[in-house]
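Before I ask anything, let me first share the structure, which is written out below as structure tokens.
The values are calculated or read from the model by the stated rules, or taken from the named source; none is laboratory data. What you see is a predicted model, and the numbers here were worked out from it, not measured in a lab. Glycine also receives a Cβ, built like all others from the backbone with ideal geometry; neighbour counts cover every protein chain displayed. Side chains are part of the model used for accessible areas, which takes the heavy atoms of the whole protein and leaves out ligands, DNA and RNA. Shrake-Rupley method; radii C 1.70, N 1.55, O 1.52, S 1.80 Å.
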Amino acid sequence: MNTNILQNILLFIGLLLLQVIILNRVLFLGYINPFLYLLFVIIYPYRKDRGILLLLCFLLGLFIDFFLNSGGINAAATLFVAYLRLPLLKWVLGKSEIDFPVFDITKQPFLKVLTYVSILTFMHSLIIFSLEYFKFSYLGTILSRTFLTSIFTVILIMFSLVLLTKRK
Amino acid sequence: MQQLVNFITKYKYFLFFLLLEIIALSLTIQNHSYHKSKFVNSANFVSGGIYNRINKFREFTKLRTYNDQLLEENTRLKNIIAQQRIDTTDQVFGVTDTTKFNQRYLFTRAKIIDNQYHKRYNYLTIDKGSKNGILFDQAVVNSKGIIGITQSVSKNFATVQSILNENSRINVSLSNSLHFGSLEWDGKDYNVLQLVDLPIQANIKIGDSIITGGRSIIFPAGIPVGTIEDFGVENNSYSFINVRLFNDMSAIGPVNVIVSLFKEEINTLEEARNEY
């Protein structure tokens, strides 16, 4: 249990630093930055008790906002997907709450995980860009940025998940 | 009472989620509003310190560009001095009256340690803070033009609201006439800004230079901004005027922060006027 907590702390700090030092400067095609820090929401242990997860995801988003001067945009989006994580998992992967203690995202069928990750990422990006632009007249920009950023993020997250499985 | 406790225990995660989400959204709205102090900013010692460290590495790759920029600026300034020597020789009996001399602006130097230009609300972080005399609402420029206005200030760092920000409106004028307008950004190309509210009486053509107007208390008049790239006329007014900046906003390093020494005096005057 203790090593688990330590692992999660390291994951939290590692993803935060990776995001602000490297990934926020990628600017692929001029404006696309992948949000790899979402990996935290996906691989954080699945428990029925969600209080700590919600708090951690809120803080992770808020810390990234501090670096990006973006108010509470990342905090709001990350918190939202963290809250919807369990219902979505039940819906996409058909898991019930009894399975959670032994549940491991890296051991699930590839296509189902891909669907799950894609939906989470898309919602996250959509909230981020909607809050950033905050106007209906920018709907086109919001959707195109959401779409491109999600694709880029999903590829990176799936790649990281494959790396995580290989190690075991 | 029992029902209330039941309700809270049943929906405790949802209520917790709602509480945090409201905090996040109010921080976002605060961040989008113009001229409010921002709680979430990168001028704290953690993010400022990390950005400063990254910048120390990145700076090396851009030294050549910065050197060229400095050389260019030096040449321009030397030319201005050379011209002024000619002017003063005309006034042989001219005596400089030091009591009438009033310095309006003070320039300090700073370095951009984090630069955003791809979002709708862009901010930069500089490596100077209140320790170096940086305050809220000071102009940030470099040798090629305007960059932004200081926003949140900590002891060692400060954030700058970039001219590439939805909230940014800078008073500018044409260099060959006194007509003025405001400079805004539509969020598309980070090197092309839009000049709005320019009266149709101002004759413009493609290639005209734009400089800062004297109406802003923050920016001194006459700082170069850019040139007119294209414009459209509709219903006897300008429908759009695109201005290409002299600066490349994606590659800015050393900057000057301008302290306006008369700002308070002008502010008190304007406040007194507003009271009537």
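Run down A:P34, A:P101 and say which single residue is more than 14 Å from chain B (Cβ to nearest Cβ) and either in contact with a helix residue (DSSP H, G or I) (Cβ under 8 Å, 6 or more places away or on another chain) or farther than 27 Å from B:F45 by Cβ (or both).
On the way: A:P34 fails: more than 14 Å from chain B (Cβ to nearest Cβ).
The unique qualifying residue is A:P101.
Taking region B:200-238 as the region of interest, how many residues are touching a Leu at 6+ places or on another chain (Cβ under 7 Å) and either part of a loop (DSSP other than H, G, I, E, B) or charged (D, E, K, R) (or both)? Working first, answer last.
First pass over region B:200-238, keeping only residues touching a Leu at 6+ places or on another chain (Cβ under 7 Å): B:202, B:204, B:208, B:210, B:225-226, B:238.
Filter once more, so that each one left must be either part of a loop (DSSP other than H, G, I, E, B) or charged (D, E, K, R) (or both): B:202, B:204, B:208.
Residues meeting the conditions: 3.
Restricting attention to region B:230-269, which residues are open to solvent by 70 Å² or more (accessible area, probe 1.4 Å), under 23 Å from B:V141 (Cβ atoms) and without any contact (Cβ under 8 Å) to a residue 60 or more places away in the chain?
Result: B:R244, B:E264, B:E265.
A further question on this structure: If you check A:F100, A:F110, A:F159, which single one turns out to be at negative phi and surrounded by 14 or more Cβ atoms within 10 Å (Cβ to Cβ)?
Details: A:F110 fails: surrounded by 14 or more Cβ atoms within 10 Å (Cβ to Cβ); A:F159 fails: surrounded by 14 or more Cβ atoms within 10 Å (Cβ to Cβ).
Going through A:F100, A:F110, A:F159 in turn, just one is at negative phi and surrounded by 14 or more Cβ atoms within 10 Å (Cβ to Cβ): A:F100.
To keep it simple, each residue is scored yes or no on (1) open to solvent by less than 70 Å² (accessible area, probe 1.4 Å); (2) outside the structural domain of B:K128 (by TED's automatic domain parsing).
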residue	(1), (2)
B:Q3	no, yes
B:F14	no, yes
B:F17	yes, yes
B:I50	yes, no
B:F57	no, no
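Follow-up. Restricting to region A:45-79, what's the tally of residues that are over 22 Å from B:T125 (Cβ atoms), surrounded by fewer than 24 Cβ atoms within 10 Å (Cβ to Cβ) and more than 7 Å from chain B (Cβ to nearest Cβ)? Break it down stepwise before answering.
Here is the first cut: in region A:45-79, the residues over 22 Å from B:T125 (Cβ atoms) are A:45-58, A:76-79.
Then drop every residue that is not surrounded by fewer than 24 Cβ atoms within 10 Å (Cβ to Cβ), which leaves A:45-56.
Narrowing further to those that are more than 7 Å from chain B (Cβ to nearest Cβ): A:45-49, A:52-53, A:55-56.
So the answer is 9.
Just the residues that are more than 22 Å from A:L111 (Cβ to Cβ), among the β-branched types (V, I, T) and surrounded by fewer than 20 Cβ atoms within 10 Å (Cβ to Cβ), please, taken from region A:130-156.
A:T141
Let me ask you something else. Restricting attention to region A:32-43, does a residue exist that is under 19 Å from B:F16 (Cβ atoms) and surrounded by 18 or more Cβ atoms within 10 Å (Cβ to Cβ)? Let's see the steps before the verdict.
Of all residues in region A:32-43, those under 19 Å from B:F16 (Cβ atoms) come to A:40-41.
Okay, now just the ones that are also surrounded by 18 or more Cβ atoms within 10 Å (Cβ to Cβ), so A:40-41.
So far as region A:32-43 goes, yes, one or more of its residues are under 19 Å from B:F16 (Cβ atoms) and surrounded by 18 or more Cβ atoms within 10 Å (Cβ to Cβ).
Can you pull out the residues in region B:168-192 that are under 12 Å from the mean Cα position of the chain (by Cα) and either polar (S, T, N, Q) or more than 17 Å from B:G145 (Cβ to Cβ) (or both)?
B:S168, B:N171 - these are the residues of region B:168-192 that are under 12 Å from the mean Cα position of the chain (by Cα) and either polar (S, T, N, Q) or more than 17 Å from B:G145 (Cβ to Cβ) (or both).
Could you tell me which residue of region B:171-189 is surrounded by the fewest Cβ atoms within 10 Å (Cβ to Cβ), considering only residues that are within 26 Å of A:D65 (Cα to Cα) and modelled with pLDDT of 90 or more?
Applying the filter and picking the extreme gives B:E184.
Right, something else. In this structure, is B:I211 under 25 Å from B:T268 (Cβ atoms), buried (at least 16 other Cβ atoms within 10 Å of the Cβ) and out of contact with any Phe, Trp or Tyr (no Cβ under 6 Å at 6 or more places or on another chain)? Working first, answer last.
Numbers: under 25 Å from B:T268 (Cβ atoms): no; buried (at least 16 other Cβ atoms within 10 Å of the Cβ): yes; out of contact with any Phe, Trp or Tyr (no Cβ under 6 Å at 6 or more places or on another chain): yes.
Spelling it out, it is not the case that B:I211 is under 25 Å from B:T268 (Cβ atoms), buried (at least 16 other Cβ atoms within 10 Å of the Cβ) and out of contact with any Phe, Trp or Tyr (no Cβ under 6 Å at 6 or more places or on another chain).
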